[in-house]
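Quick note: the coordinates plus some simple rules give every number you see, no bench work behind them. Worth saying up front: this structure is predicted, and the values here are computed from it rather than measured. When we count neighbours, we look across all protein chains shown, and the Cβ atoms used for this are built from the backbone with ideal geometry, even at glycine.
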Amino acid sequence: MMEKGQKCQLQIDDMSNEGQGIGRIDGMAVFVKGAIPGDTVLAEITKIKKNYAFAVTKEIVEPSPYRIDKECPYAEECGGCTYAGMSYQGQLAVKEKQVREKLIRLGGLESPELNSIVGMDEPYAYRNKGQMPISTGGIITRKGGIIENLGKCTIGFYKAKSHDVVNCDKCLLQTPPAAAVAQALREFMKSDNITAYDPKWEKGLMRHLVVKTAMGTGEVMAILVINGKGIPNSSKLVEMMDEAIYALPAREDGVEYNLESVVININKGKTSEIMGKECIPIAGKPTILERVGDLEFEVSPLAFYQVNPVQMKVLYDKVLEYAQLKGTENILDLYCGVGTIGLYCANEMRKKSSNTGKVLGIESVKGAVMDANRNAVINGLVNTQFLYGRAEEELPKVLEGYTDKEGFEVQAFNPDVIILDPPRSGCASELLEAVAAAGPDKIIYVSCDPATLARDVKILGELGYQFVEGTPVDMFPWTRHVETVILMTRCGKNDK
Ligand SMILES: C[S@@+](CC[C@H](N)C(=O)[O-])C[C@H]1O[C@@H](n2cnc3c(N)ncnc32)[C@H](O)[C@@H]1O
């Protein structure tokens, strides 16, 4: 019988979502802090639950071959890089295993055809979006209503399982513009005594800094998330950020970074959302332009855009490989964001001699839908249409065809290929039912959560679709996250 305080030797063969090593005692999972897969450790049990237990590493008896010294100076504090202590090769092995095991255990597949995970050659500075909380350690209200900061301005990332901000001025995953803009903001907040939001008193101004970098063009957008209506002396801040980016050296490929857009995002009061719904451009353009291969995409502040542009291309090429487009297909791109996957497919169909196919996308963020339709125009892809709404509500209407209140007509759409790319929570069951009822030959599912992917694969299996193959793609090196793209075909229709 296991007891709290008991010491035991454990072989670690897996990793939890929170980055604890997982070992087993008599079949029971033990989550071990400070251990990684491949380690043999002496651990002390700290908590026992009905079906699992927690422990802490006391001694590493035999280190894992994947163990490395952490490269990042903030790794002990910052909660961002769960896999900071593991070699890149080890990270890839763990992620691939996780995808396979979830497909077996939750997806009900006996031995899924899963390709090796596709990793990055250079797994650093890949993030085109830096999302940094801001703190000044709390605020104090003096007589006369003057609000002052209690401490120094920190901009960086949250500590693991906390809302304490670790000041990061050189994150290995972020782009140089993100670091430069953050430093300019630190200096501005200090010189102009600007407060950061204090959740305790629900007062103070600055909440988050979000920096989007279009890697293909060098265009940069700074989004200042505030608990208020505006930033005093904001023209000085814009100038400081602009100078900081201007001072950056040009990249080896000759691309120069430019601050093209500064946006205030209003997000007032108590909320768990990083950004609010209202965006006010205060300098430059309301969107930035990104280039991927021969396509260009406009990206607005609230729109989702894949954070790793190098691996995004790998992922989308895999979608094309699974789709095997002839140019005549009707493609539904559900959860389409700014339309990138659908437009990538439309561009591929344009290269075929019989280019009669169509792409229809559905997305629940209005700004992203507007971007998607503009992106279709920018790229001259006229056989595409992107609609605003929740996929589960819009899909049944789209399959039948309808005319909306303004007289806007959507013709009945009969899809050959349905692409699903939902958020981590996966697809609503009614959406999966509508997808299967539409009867496409192929379903291509792009997922950032292997557990919900596996759950949905099982449901689609019960609805008449068979799993053909999948490929994990490492979009998020040094973190526990992994992307997977899979192909399912209508039973009896496997022609990949
Ligand atoms: C993982 S992103 C994929 C975006 C896009 N396919 C891409 O590759 O950039 C998921 C998208 O689904 C959208 N979304 C979330 N829930 C939705 C829903 N119920 N219906 C339609 N879109 C939704 C989000 O706004 C986000 O843009």
Applying 1/(1 + (r/R0)^6) with R0 = 25 Å to the Cβ-Cβ distance of Gln89 and Asp169, what FRET efficiency is obtained, to the nearest 0.05?
0.30
Run down the lysines and flag those whose C-alpha is under 20 Å from the C-alpha of Lys397, throwing out any fewer than 8 positions away in its chain.
Lys358, Lys366, Lys405
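So if each residue of separation counts as 0.36 nm, and I subtract the Cα-Cα distance between Arg105 and Asn233, what length gain in nm does that give? Present the calculation step by step, with values, prior to reporting the outcome.
On the way: separation 128, 0.36 × 128 = 46.08 nm, distance 5.61 nm.
Gain on stretching Arg105 to Asn233: 40.5 nm.
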Simple Cβ-charge dipole of the range 129-291, Lys/Arg +1 and Asp/Glu -1, about Cα centre, in debye nearest 20:
800 debye
Quick one: net charge around Glu59, please, counting Lys, Arg +1 and Asp, Glu -1 for every other residue with C-beta under 11 Å from its C-beta.
-1
Return the inverse of the average 1/r over all pairs of distinct C-alpha atoms in the range 129-291, which is the Kirkwood hydrodynamic radius, in Å to one decimal.
16.0 Å
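Once fully extended, how much extra length lies between Glu462 and Asp317, figured as 0.36 nm per residue of separation less the alpha-carbon to alpha-carbon distance? Walk me through the numbers before you get to the answer.
Numbers: separation 145, 0.36 × 145 = 52.20 nm, distance 2.82 nm.
Answer, rounded to one decimal: 49.4 nm.
If you build the convex hull over the alpha carbons only and average its shadow over all orientations, what do you get for the range 7-67? Give it in nm² to one decimal. Write down the numbers at each step before the final one.
Values: hull surface 14.7 nm².
Result: 3.7 nm².
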Given Leu332, Asn267, Ala222, which one lies farthest toward the positive end of the charge dipole of the range 203-346, if we put +1 on the Cβ of every Lys and Arg and -1 on the Cβ of every Asp and Glu?
Asn267
Output wanted: per-residue J couplings in Hz (rounded whole) for the range 166-174, from phi through Karplus 6.51 cos²θ - 1.76 cosθ + 1.60, θ = phi - 60°, x for Gly and Pro.
8, 5, 10, 9, 8, 7, 5, 9, 8
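Can you list, largest first and rounded to whole Å, the semi-axes you get for the range 275-321 by taking the square root of 5 times each eigenvalue of its Cα gyration tensor? It would help to have the intermediate numbers written out before the result.
Working: eigenvalues 139, 32, 11 Å².
For the range 275-321, the ellipsoid semi-axes come out as 26, 13, 7 Å.
Would you please give the FRET efficiency between Lys58 and Asp121, computed as 1/(1 + (r/R0)^6) with r the Cβ-Cβ distance and R0 = 35 Å, to the nearest 0.05?
Numbers: r = 38 Å, r/R0 = 1.08.
Computed FRET efficiency for Lys58 and Asp121: 0.40.
List the pairs from Lys200/Lys268; Lys161/Lys190; Lys129/Lys326; Lys70/Lys161; Lys143/Lys200 whose alpha-carbon separation is above 23 Å, in the order I gave them.
On the way: Lys200/Lys268 14 Å; Lys161/Lys190 28 Å; Lys129/Lys326 35 Å; Lys70/Lys161 20 Å; Lys143/Lys200 19 Å.
From Lys200/Lys268; Lys161/Lys190; Lys129/Lys326; Lys70/Lys161; Lys143/Lys200, over 23 Å: Lys161/Lys190; Lys129/Lys326.
Can I get the semi-axes of the chain's equivalent ellipsoid? Compute them from the C-alpha gyration tensor as square roots of 5 times the eigenvalues, in angstrom, largest first. Don't jump to the answer; show the numbers that get you there.
Values: eigenvalues 272, 236, 85 Å².
The equivalent ellipsoid of the chain has semi-axes of 37, 34, 21 Å.
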Modelled FRET efficiency - R0 51 Å, Asn193 with Ser16, Cβ distances, 0.05 increments
0.75
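What full-extension length gain, to one decimal in nm, is calculated for Asp26 and Lys70 as 0.36 nm per residue of separation minus the Cα-Cα distance? Intermediate values should be presented prior to the final figure.
Details: separation 44, 0.36 × 44 = 15.84 nm, distance 3.24 nm.
Gain in length upon complete extension: 12.6 nm.
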What ratio of Cα Rg to 2.2 N^0.38 Å holds for the range 320-369?
1.14
List every residue whose amide H lies under 5 Å from the amide H of Arg291, counting only residues 5 or more places away in sequence or on a different chain, with H placed 1.01 Å from N in the peptide plane.
Gly216, Thr217, Phe297
